[in-house]
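Here is the structure we will look at, set down as structure tokens.
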Amino acid sequence: MSFPASKSHMIRVRKCKARTQLKGFKPQLTSLVDAMTILLIYLLQSFSTEGEIMTVSRELELPESSAQKKPELRVTLTVNSKYILAENQIVDKVPEIMESEELIIPGLYQWLGKRREATEKISQYSDKTRFKGEITILGDKRIRFRLLKKIMYTCGQQEYNNFSLAVRKRGE
């Protein structure tokens, strides 16, 4: 039994043609570069740098205001009916604070002190970072003024004197 010689010869010819075709293939990069440039420009134009800096939890209802100033990146305190959270870390419980007659909130005082010390230590080695004493309070609109007064007093004792109260724009 013998195999026809023409089939094996055709296979060799196809392999040789395939190799030569691949060697001569040059993709047209000009059109690809144009398409990628247009896509990049579109994405850069649609990117917003004024996105939400603060995330407000669902159970927290901020008071309404007609203020136009945009929020800035600062140390944030979140106050709801149960807890005081500093940078999303529980520092104290509201019912215990309300029962106490002291103006200083111990857990918050310690946390702010550590944060200030860390910022001051970083500022020794970096010109870009320095302690400014800025803080933003995200407080539910139903919290008592006595609690807000204690929070502001505690912040002031740790030299966080530049307060901003986060509010919701009217009609949003």
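Any read-out appearing in this document is the output of simple, stated calculations on the displayed coordinates, not a laboratory observation. From a predicted model like this one, the values you see are computed outputs, not experimental measurements. When we count neighbours, we look across all protein chains shown, and the Cβ atoms used for this are built from the backbone with ideal geometry, even at glycine.
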- prompt: Using θ = phi - 60° and the Karplus form 6.51 cos²θ - 1.76 cosθ + 1.60, what ³J(HN,Hα) does each residue of segment 161-166 get, whole Hz, x for Gly and Pro?
  reply: 9, 9, 8, 9, 9, 6
Fully extended contour minus Cα-Cα distance, from residue 44 to residue 102, at 0.36 nm per residue: 15.7 nm
- request: Quick one: what are the phi-derived ³J(HN,Hα) couplings along segment 147-157, Karplus 6.51/-1.76/1.60 with θ = phi - 60°, whole Hz, x for glycine and proline?
  value: 5, 4, 5, 5, 5, 5, 5, 4, 4, x, 5
message: I'd like to know how segment 64-169 sits against the 2.2 N^0.38 Å rule of thumb: what's its Cα Rg over that expected value?
response: 1.10
query: Counting DSSP beta bridges with both partners in segment 64-169, what percentage is antiparallel, nearest 5?
result: 40
statement: Distance in nm between residue 122 and residue 89 label points, each 7 Å along Cα→Cβ, equals 1.3
task: May I ask you to evaluate 6.51 cos²θ - 1.76 cosθ + 1.60, the Karplus curve with θ = phi - 60°, for each residue of segment 129-144 and list the ³J(HN,Hα) values in order in whole Hz, giving x for glycine and proline?
output: 10, 8, 6, 10, x, 9, 8, 10, 10, 9, x, 4, 6, 9, 6, 7
- request: Please list, in chain and number order, the residues 5+ apart from residue 83 or on another chain whose amide H is under 5 Å from its amide H, with Hs placed from the backbone.
  value: 94
- prompt: Residues with amide H under 5 Å of residue 165's amide H, sequence separation 5 or more or different chain, H placed in the peptide plane at 1.01 Å from N; which?
  reply: 137
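For segment 64-169, give the magnitude of the charge dipole about the Cα centre (Cβ charges: +1 Lys/Arg, -1 Asp/Glu; no others), in debye to the nearest 20. Please report the intermediate quantities before stating the final value.
On the way: 20 positive and 14 negative charges, 93 e Å.
It works out to roughly 440 debye.
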